[in-house]
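The values are calculated or read from the model by the stated rules, or taken from the named source; none is laboratory data. The shown structure was predicted, so the numbers you read here are calculated from the model rather than taken from an experiment. Cβ: placed from backbone, ideal geometry, glycine included. Neighbour counts: every protein chain shown. We work out accessible area using only protein heavy atoms, side chains counted, and drop any ligands, DNA or RNA first. Shrake-Rupley method; radii C 1.70, N 1.55, O 1.52, S 1.80 Å.
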Amino acid sequence: MSSVAPTLDDPVIRPVRATGPGGCRVSRITPADRPAWDRFVAAHPDGTVFHTIAWHDAVRDTFGHEAFYFIARRDTDIAGVFPLFLMNSLLGGRMLISVPYGVGGGILADSDETAETLFQAALQVCKEQRCSCIDMRSERAMVPDIPTGNTHVGFRRELPDTVEGVLQALPRKARAAARNARDKYRLTITYGDDQLREVWRLYSISMRRLASVNYPRQFFERIIEHTPGRHWVSVVRHKGRPVAGLVTLLHKDRVMPYFLGTTSAAKRCSAANFIYLCAMERGVEEGYRVFDFGRTRRDNSGSFDFKRFQGFAPRPLEYQIYIPPNTARPDLSPANPRFRLARTVWPRLPLWLTRPLGAHLSGHIPG
């Protein structure tokens, strides 16, 4: 993983500019634009934590991918933003991702014309950099004539008005599992950034078990560093032993549990049910209104069914991927037969090997 790529803080980055209908101008963001960018994201109904400068900084600091963060203006007012990272992948070639390691991203704009101008700026970079794709992770499709994918669904619902209502809002089996975790197994939960190393340790164990690469611990640390007061780090223990850990992201009115780690013993005591119940209850206590369970691949039946059984209904995510003419679409999905052998072997490898190797490989997989 490199740390020398140009960033939006580098005054010598090559400019990319475009002008669209109605005098809308697009250029790459400058350091002075950072506060205004975040204000626009916060005000836009589709803005997510993955659009924020904090996510940019965490990705930049950890992976060193070059950022192309486009900002559209009409006169002096911001009309739209489009966060992109250039990933030079050994597995998928050069790709523009909006945004890596996030479930959201894509164009935020005040009009279709603004969105088109932003996309044209991205097309210019795609052509110059000879990229194999522009991956846009918008919940709603923003660019006409580019097909939407059918690979992922999102899970989200409003939180109850009271803490007591959280448990009652769960379906019967999920409610029983969460209640048993608390009353029968007497699981406990603690919060604090000082537990981040423990959460990452549990997370890396889970990822090996699931035959997936883990992100480097530095990524967790940079996210926490760049989101002060906008995250929770929690660890669940059974008889004093850590069995589950979670990093939860907070944005606007939304609670989003994002990085989960569990031991093999967690299922027996319903630790995952318990840690999510606690996140919902704390969300209600602190005035948040929405619990966002993130995304799941349609073919990932374990995660898909778990979220459904918690009472969350799947909704399609209208991700779009632009593929230049005469270019093969990169396929880095877990279902790719090319990775079958690696996924078979990965859970059998020792953690001392999968942790650093996974951290390295994650720099080449957009997540």
Subject >> Prolate/oblate/rounded call for segment 241-367, Cα gyration tensor, a/c under 1.5 rounded >> reply: oblate
Subject >> Restraint check, Lys239/Lys307; Lys173/Lys252; Lys173/Lys267, Cα-Cα greater than 25 Å >> reply: Lys239/Lys307; Lys173/Lys252
Original post:
Where a Cα-Cα gap under 16 Å defines reach, which aspartates and glutamates qualify for Lys184, not counting those fewer than 8 residues away within the same chain?
Top reply: none
Subject >> Average Cα contact separation per residue, the chain, under 8 Å, 6 or more apart, as relative contact order % >> reply: 21
Original post:
What nm distance separates the two modelled labels at Leu210 and Arg289, each placed 7 Å from Cα along Cα→Cβ?
Top reply: 3.0
Subject >> Protection proxy ranking, peptides 131-137, 56-62, average beta carbon neighbours within 10 Å, highest first >> reply: 131-137, 56-62
Original post:
Among 234-243, 37-46, 82-91, what's the highest-first ranking by average C-beta atoms within 10 angstrom per residue?
Top reply: 82-91, 234-243, 37-46
Subject >> Prolate/oblate/rounded call for segment 275-350, Cα gyration tensor, a/c under 1.5 rounded >> reply: oblate
Subject >> Over segment 40-122, relative contact order from alpha-carbon pairs under 8 Å, at least 6 apart, % >> reply: 27
Original post:
Comparing Glu318, Glu128, Glu116, which has the greatest mean-square fluctuation in the GNM of the chain with Cα pairs linked when under 10 Å apart?
Top reply: Glu128
**OP:** Skip the ligands, DNA and RNA, and give the accessible area per residue of the chain with a 1.4 Å probe, whole Å².
**Re:** 46
Subject >> Local electrostatic count at Gly294 - Lys and Arg +1, Asp and Glu -1, tallied over other residues with Cβ under 10 Å >> reply: +2
Original post:
If you take the square roots of the eigenvalues of the alpha-carbon gyration tensor of segment 35-180 and sort them as a ≥ b ≥ c, do you get rounded (a/c under 1.5), prolate (a/b over b/c) or oblate?
Top reply: prolate
**OP:** Over all alpha-carbon pairs in the chain, figure out the percentage whose distance exceeds 33 Å.
**Re:** 30
Original post:
Where in segment 282-309 does the label zone of Lys184 land, with the point 7 angstrom along Cα→C-beta and an amide N cut-off under 20 Å?
Top reply: 306-307, 309
**OP:** Per DSSP H run of n ≥ 4, the term is -39500 (n - 2.57); total these for the chain, divide by its residue number, and report the mean residue ellipticity at 222 nm rounded to 500 deg cm²/dmol.
**Re:** -10000 deg cm²/dmol
Original post:
When Lys and Arg each count +1 and Asp and Glu each count -1, what net charge do the other residues less than 14 Å away from Asn326, Cβ to Cβ, add up to?
Top reply: +3
**OP:** Treat each spin label as a single point 7 Å out from the Cα along the C-beta direction, and report the Arg297 to Leu90 distance in nm.
**Re:** 2.1
**OP:** Would you calculate the separation in nanometres between label points at Leu351 and Gln218, each defined as 7 Å from the Cα along the Cα-to-beta-carbon direction?
**Re:** 2.1
Original post:
With all protein chains present and a 1.4 Å probe, how do Val49, Val345 order by accessible area, largest first?
Top reply: Val345, Val49
Subject >> Given charges at beta-carbon only (K, R positive; D, E negative), |dipole| of the chain in Debye >> reply: 2000
Subject >> Ordering of 252-264, 286-298 by packing [mean C-beta count within 10 Å, highest first] >> reply: 252-264, 286-298
